[in-house]
Amino acid sequence: MKPLREPAFARLWTAAFFSETAEWMLQIALPVFVFQATGSAATTALSIVLGLLPAVLLSPVAGVIADRWNRRLVLCVVCAGQAFVALPLLFVASGGPVFVIYGVMAAQAGLASLFEPARNALVPELVAPDELIGANGLMSINGSVARLAGGWAGGLLLGFGGLGWVVVAYLGVLVVGSALLARPFRRVAAPKEAGPHEPVLRAWLDGLREIGREARLRLAGVVVVLTSLAQGMFLVLFVVFVLDILNGTEGDVGLLRGVQALGGLAAGFAVATVAGKVAPAALLGWGGLALGLLSAVIWNLPALTASLGVFIGLFGLVGAPGVLAGSGLLSLVQTTASPERSGRVLSTMFAATAGFTALGALLAGGLVSVLGTGVLLNVQAGLHVASAVTVLWVAASGRSRRDAVSAVPRSG
């Protein structure tokens, strides 16, 4: 908890909570609204994809903005912008066409593509280097509580008051987040100079080349591909799983997504304290392996029981390894990328995440009627396992090489 003693980080941490809470409200409410309005998993997948593609297309701009501009100001403007572009949802709530949601989701995703690189590149400026993993753990706690609050609020408000209630609450939460980011931060580390302002595409390619040069960043890229495919499949199949297989309600969708925060909260505290001393690759590998295995248990359990209480417990549990793996991945990238290019490296990772999440959603939406929900959910769990095994194998190979080198006697 030491990073929270830094006032600047504490304020960023609080602002991020409000921003992520708002994001989770729409992440829960909009796919459910689209699925109920159309009755189609493929249409739901399309809405998710349209909400992800802007992050891919804007990646070069997002990374350069995060490296060149005042990162706090970028975050503040993004929060205000997200509130503004959500206003058309009030038109949908009063009977307007559903397709308006697609445009809103695309605009939200475009703004979010600016937020994530700037926020994660800003954290190392606000805490001491030896507190970075702990700070990421605290950000994971934030994300977990925001998922819990936003997920429940999005599902419950949609079920009891309709989309209009969700939008009004969303706007209020974003206003608070934007206000917290209005004042400048006092930095622990001076911001790195961006260097000459070369063209945006060339600057972005420079960050891309850094990923190619660094083995640890290449490994992170493999993880991003596999886990993002899994996440895209999850976004589509989870709604079908709860509403059709478990015969749940809108509130149950929000509850089961939100309750993952309980396990994530515990894991976030662990990362912020004890696990902060663990190597990022170990957190990523073992966390990802537990996530994949627990996911497989959850997807196959309806053959034995559909009790909501059982799934509440399991979804709460599965949140913990997800946070461990996520903190490990983020710390791996932050500690490997050079500070002056960290925004571009992070934006490329986020763009890859969005792109392969979109691909996973399309695959799930297109194949669910052919292969069935159960088969695809097991493929989703298998992707997490494959990613984790890759990380653990590479880490073990690296240790073996280091041990072999240290065992060679030196002459002289």
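Taking the listed residues A153, A182, A149, A106, the one that is surrounded by fewer than 18 Cβ atoms within 10 Å (Cβ to Cβ), over 19 Å from A337 (Cβ atoms) and modelled with pLDDT of 80 or more is A182, with no other qualifying. When residues in the range 84-103 are screened for being closer than 13 Å to A22 by Cβ and touching a Gly at 6+ places or on another chain (Cβ under 9 Å), 2 of them pass.
Is it true that some residue in the range 282-294 is open to solvent by 20 Å² or more (accessible area, probe 1.4 Å) and modelled with pLDDT under 90? Talk me through it step by step, then tell me what you get.
Let us first name the residues in the range 282-294 that are open to solvent by 20 Å² or more (accessible area, probe 1.4 Å), namely 282, 286, 289-291, 293-294.
Among the residues that remain, those that are also modelled with pLDDT under 90 are: 282.
Taking every residue of the range 282-294 in turn, at least one turns out to be open to solvent by 20 Å² or more (accessible area, probe 1.4 Å) and modelled with pLDDT under 90.
Give me the residue from the range 310-337 that is within 10 Å of P280 (Cβ to Cβ) and open to solvent by 30 Å² or more (accessible area, probe 1.4 Å) and, out of that set, modelled with the lowest pLDDT. Filtering the range 310-337 for residues that are within 10 Å of P280 (Cβ to Cβ) and open to solvent by 30 Å² or more (accessible area, probe 1.4 Å), the one modelled with the lowest pLDDT comes out as T335.
Every residue, every condition in (1) in a helix (DSSP H, G or I); (2) of a type in the set (S, T, N, Q), yes or no:
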site	(1), (2)
T305	no, yes
L314	yes, no
G319	yes, no
S327	yes, yes
S331	yes, yes
F350	yes, no
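Of everything listed in (1) modelled with pLDDT of 85 or more; (2) small (G, A, S); (3) open to solvent by less than 30 Å² (accessible area, probe 1.4 Å), the single unmet condition for S307 is (3).
The values are calculated or read from the model by the stated rules, or taken from the named source; none is laboratory data. As the structure is a computational prediction, the values presented were derived from the model and not from experiment. Neighbour counts run over all protein chains shown; Cβ positions are idealised from the backbone, glycine included. SASA here: full protein model, heavy atoms, side chains in, ligands and nucleic acids out. Shrake-Rupley method; radii C 1.70, N 1.55, O 1.52, S 1.80 Å.
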